[in-house]
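The values are calculated or read from the model by the stated rules, or taken from the named source; none is laboratory data. All figures in this text were calculated on a predicted structure; none of them were measured in a lab. Positions of Cβ are backbone-derived with ideal geometry, glycine not excepted, and every protein chain shown enters the neighbour counts.
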Amino acid sequence: MDPHALAEARSLALHRAVWVRIEAQPELICGVRARLRAWRADESKPQPYVEAWLRLLDGPRDALHAALVGTDEAARALRQATPFAGIVDAKERWRIWAQVRERGAESV
């Protein structure tokens, strides 16, 4: 599998898992907001992405869902600067990576 396609498939699968976690535990959003505010303050991430994620967190849930699991260019770009690290634990992350590798990018 093309390494770029594999990376994109992994990102999409991980963000699908993030969405499931957020739906089950909405309080996780507080930590994500805190991370984004820190990124805004120290300018360690591209600010347009920081601001876009903050707007999504404050907006309608369907827009956040679309950014997390969408396949359009805007969603793919946003996921490159994801503030959701740590929501999916290492064991689940490795399981997802293995599934993506086994199935291939097309089936994710």
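Some observations on this one:
- Those residues of segment 29-75 which are among the charged types (D, E, K, R), at pLDDT 95 or above, under 23 Å from Glu8 (Cβ atoms) and surrounded by 14 or more Cβ atoms within 10 Å (Cβ to Cβ), in sequence order: Arg35
- Breaking point among (1) under 14 Å from the mean Cα position of the chain (by Cα); (2) closer than 22 Å to Arg101 by Cα, for Asp2: (1)
- Taking segment 1-106 as the region of interest, none of the helices (runs of 4 or more DSSP H) fully inside it holds 1 or more residues being in contact with a Cys (Cβ under 6 Å, 6 or more places away or on another chain) and among the aliphatic types (A, V, I, L, M).
- Inter-residue pairs, beta-carbon under 8 Å, first touching a residue at least 60 places away in the same chain (Cβ under 8 Å) and in segment 10-31, second of a type in the set (Phe, Trp, Tyr) and surrounded by 19 or more Cβ atoms within 10 Å (Cβ to Cβ), 6+ apart: His15/Phe84; Val18/Phe84
- Tabulated pairs, segment 89-108, first modelled with pLDDT under 90, second surrounded by fewer than 15 Cβ atoms within 10 Å (Cβ to Cβ), C-beta under 6 angstrom, 6+ apart or interchain: Gly104/Met1; Ala105/Met1; Ala105/Ala5
- Hits in segment 76-87 - residues which are over 14 Å from Glu8 (Cβ atoms) and surrounded by fewer than 20 Cβ atoms within 10 Å (Cβ to Cβ): Ala81, Ala85, Gly86
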